[in-house]
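Values quoted throughout were computed directly from the atomic coordinates according to the rules given, and no laboratory measurement underlies them. On a predicted model such as this, the values are computed, not experimentally measured, just so you know. Cβ placement follows ideal geometry from the backbone for every residue including glycine, while neighbour counts extend to all protein chains displayed.
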Amino acid sequence: MALVVAQEVPTSSSMAVPHGPAGVGEARHRMRDQLRTGGVSESVIDDAVLILSELLSNACRHGRPLGDGLTGDGDVRAAWRVDASGRLTVEVTDGGGPTRPVPSTPSVTARGGRGLNIITALAKDWGVRDDVRGEVTVWVIVQDDAVSARRRDDFATRVTAPSVSEMPDLGFADAFDDVG
């Protein structure tokens with residue numbers, strides 16, 4: 001007779017993360033450990049950790065810290081929860097910023113600007129919530145059934161790639177004209 005011990009995912013977890021890159025790794029590790037302990041599917045954990053990283057990076061790049069700090073000091077808040085139905089939601093709250101979080105259309109050579117497009121591709125849904133104090137929360141529903149979910153095989157089709165006509169001409173074709 002085998003003994004099966006049921007483990008429950010913590011219903012919620014919240015942490016203050018320093019406004020800047022320093023706390024992102026700690027938040028990712030804490031999320032991964034808690035979700036893994038709770039029996040969440042590894043593929044869902046991978047997606048959730050990537051989403052958390054993108055949200056925290058955006059909050060630190062475009063938002064102000066919570067509280068009285070104007071730039072560079074203070075915290076943002078990261079939270080995740082698995083509700084009774086198994087839905088995994090990730091949230092990051094900052095002190096607001098000069099722009100609204102919206103997906104962009106970066107050039108092929110741009111170094112950034114793809115985070116919300118990645119989130120859109122991985123998530124079931126996402127949105128933005130404002131509060132009366134000026135705080136902005138970006139929330140993401142990662143998965144409806146986080147424990148039994150499997151990675152979708154169509155990831156490549158969910159992430160929009162630039163068409164060949166949008167690719168810059170790097171001049172490599174001319175280098176091969178004289179080969180032969």
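How high is the FRET efficiency between T99 and T37 when r is their beta carbon distance and R₀ equals 41 Å, given to the nearest 0.05?
Taking R0 as 41 Å, the efficiency between T99 and T37 is 0.65.
Could you give each residue of segment 34-45 its phi-based ³J(HN,Hα) in whole Hz, using Karplus coefficients 6.51, -1.76, 1.60 with θ = phi - 60°, and x for Gly or Pro?
Computed from phi, the couplings for segment 34-45 are 5, 5, 5, 4, x, x, 5, 3, 4, 5, 5, 4 Hz.
Please list, in order along segment 137-145, the HN-Hα scalar couplings obtained from phi with the Karplus expression 6.51 cos²θ - 1.76 cosθ + 1.60 (θ = phi - 60°), rounded to whole Hz, x for Gly and Pro.
Whole-Hz 3J(HN,Hα) from phi for segment 137-145: 10, 9, 10, 9, 8, 6, 7, 7, 10.
Mind running the shape call on segment 106-146? Use the C-alpha gyration tensor, a ≥ b ≥ c as the square roots of the eigenvalues: rounded below 1.5 for a/c, prolate if a/b tops b/c, oblate otherwise.
Values: a/c = 4.15, a/b = 1.23, b/c = 3.38.
Note, shape of segment 106-146 comes out oblate.
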